[in-house]
Amino acid sequence: MTSTSAGPVTHRRQSRPFVWEGGAVLAYKEADGTFRSVTRQVLTGAEHGQGTCLRYFEVGPGGYTTLERHEHTHVVIPIRGRGSALVVDRIVRLALHDVVFVPGWGWHQFRAADDELLGFLCAVRADRDRPVLPGGEDLAALRRDPRVAAFIRV
Ligand code: MN
């Protein structure tokens with residue numbers, strides 16, 4: 001018989017602006033050097049049973065996330081600062097509370113403005129594939145569009 005008792009309550013307070021208690025602020029993928037000035041907080045995880053994880057990323061002024069793609073999708077909602085993104089083949093200016101959907105296998109990279117950070121929520125499947133980085137042919141294809149060529153950082 002299925003238990004109908006409620007699971008544990010999670011209420012993670014914001015202990016200071018854009019920092020939620022009960023978790024670590026991690027330098028994102030610190031070892032691989034494909035990003036600049038990015039931190040990550042995992043707000044909800046697989047243990048919450050939604051099949052998704054919700055993360056908060058913050059990119060410092062002039063910083064950028066890794067240019068990558070993968071089978072899984074992203075839902076991204078900027079909630080702090082200002083920036084822009086490559087999503088597949090488009091450069092998108094990000095305003096607070098916009099919603100950006102990154103489709104499976106779409107190249108993507110998020111950049112903060114030069115003079116202001118960019119903070120965004122990002123939802124992903126809990127069970128997901130690992131990102132793939134661009135090879136030489138991928139970069140050549142991306143750079144055929146001069147706007148994309150000027151935007152990407154690798
Ligand atoms: Mn990604």
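Each reported figure results from applying straightforward, stated rules to the coordinates on display, with no laboratory input. What you see is a predicted model, and the numbers here were worked out from it, not measured in a lab. FYI the Cβ positions are ideal-geometry reconstructions off the backbone, even for glycines, and counts take in every protein chain you see.
Observations on the model:
- Within region 87-104, tally of residues that are β-branched (Val, Ile, Thr) and away from the ligand (no atom under 15 Å from the Cβ): 2
- Scanning region 48-83 for residues being in a strand (DSSP E or B) and within 16 Å of the ligand (Cβ to nearest atom) gives a total of 18.
- A single member of Thr39, Thr44, Thr34 is surrounded by 16 or more Cβ atoms within 10 Å (Cβ to Cβ) and either within 14 Å of the ligand (Cβ to nearest atom) or under 16 Å from Val100 (Cβ atoms) (or both), and it is Thr34.
- Residues that are loosely packed, with under 14 Cβ neighbours inside 10 Å and within 12 Å of the ligand (Cβ to nearest atom) within region 105-132 comprise Trp105, Asp129, Arg130, Val132, listed in sequence order.
Residue by residue, here is whether (1) farther than 29 Å from Ala140 by Cβ; (2) under 13 Å from the mean Cα position of the chain (by Cα); (3) not β-branched (Val, Ile, Thr) holds:
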{"residue": "Val25", "(1), (2), (3)": "yes, no, no"}
{"residue": "Arg40", "(1), (2), (3)": "yes, yes, yes"}
{"residue": "His48", "(1), (2), (3)": "yes, no, yes"}
{"residue": "Pro61", "(1), (2), (3)": "yes, no, yes"}
{"residue": "Val76", "(1), (2), (3)": "no, yes, no"}
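- Given (1) under 17 Å from Val59 (Cβ atoms); (2) surrounded by 13 or more Cβ atoms within 10 Å (Cβ to Cβ), index of the condition Ala95 fails: (2)
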